[in-house]
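Quick notes on the structure that follows.
Every number here is computed from the coordinates shown, using simple stated rules; none is lab data. Since we're looking at a predicted model, the values are computed, not measured. Virtual Cβ from ideal backbone geometry, glycine too; neighbours counted across all protein chains shown.
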Amino acid sequence: MNRVLRALILSAFVGVAVGATPLVDGKIEKGEYASSKSVLDGASTLYYSSDGSGGLFVALETKTLGWAGIGLGSRRMDGARIYMGFVKDQTPVFSEQLGSGHRHNPVKDKTADKSIVAQNGSQNVLEFHLPADKLPFKGKAVNYIAAFAAASDLSSYHEDNFDSGTFTLP
Ligand code: HEM
């Protein structure tokens, strides 16, 4: 195969891999998400990709056998839209919650139209999609919180394993 042909095939393949829509399947493949950020002192990686229609794909991969969560729209628990979950005895539990003070409660009006939590070895993987009209924040600078704990439930305290910040959408 000549060099030009090989380069063409390679660039087409890379284009597909980078431009592909993430799959909400509990697995994060190399190149699946357009952007990523190390959070929680390196215990987690936060991934995000626009869906091309103003919505957002988000994933959080965390080194824990217990619960992990990501909240959007605030840098504090209070007011954050929280997506959290764990897998216990092979049963996944994903929950969307609203932070209130230092507590949180499940919501009826869900924003995620696709969601999954999986345990891949020692990693908790949360993945979800938010359609454009359900985003729990405005603008391109997205405030977030993240946390995890060793317990497989939705209530155990995260102790020092919490973080907050802002990521910027393209
Ligand atoms: C599971 C039950 C939870 C309990 C009992 C809990 C409890 C608390 C408490 C007591 C604090 C204050 C800590 C301090 O001032 O030193 C705190 C802070 C914090 N938590 Fe949680 N939390 C929970 C879930 C979550 C979740 C799911 C997240 C992220 C998705 C989160 C993120 C944070 C962050 C970023 C802070 C610092 C900012 C703030 O004070 O709101 N927490 N939490």
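Listed values, structure above:
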item: Dipole of the chain [Lys/Arg +1, Asp/Glu -1 at C-beta], most positive-end residue of 72, 155, 168; result: 168
item: Expected 222 nm ellipticity per residue - DSSP helices of 4 or more, -39500 (n - 2.57), all of the chain, to 500; result: -3500 deg cm²/dmol
item: Degrees between helix 3-19 axis and first principal axis of the chain (Cα, 0 to 90, nearest 10); result: 20 degrees
item: Candidate lysines for bridging to residue 134, where Cα separation is under 16 Å - those fewer than 8 sequence places away on the same chain excluded; result: 108, 110, 114
item: Magnitude of the charge dipole, the range 94-139, Cβ model with Lys/Arg +1 and Asp/Glu -1, debye to 20; result: 140 debye
item: ³J(HN,Hα), Karplus 6.51/-1.76/1.60, whole Hz, each residue of the range 57-62, x for Gly, Pro; result: 9, 10, 9, 9, 10, 10
item: Neighbour-count ranking [beta-carbon atoms within 10 angstrom, fewest first] of 158, 129; result: 158, 129
item: For the chain, alpha-carbon Rg and Dmax in angstrom; result: 16.9, 63
item: Low-density loop positions, trypsin sites (Lys or Arg not before Pro), the range 49-97 - DSSP coil, at most 16 other Cβ in 10 Å; result: 75, 76
item: Relative contact order (%) - the chain, alpha-carbon pairs under 8 angstrom, separation at least six; result: 23 percent
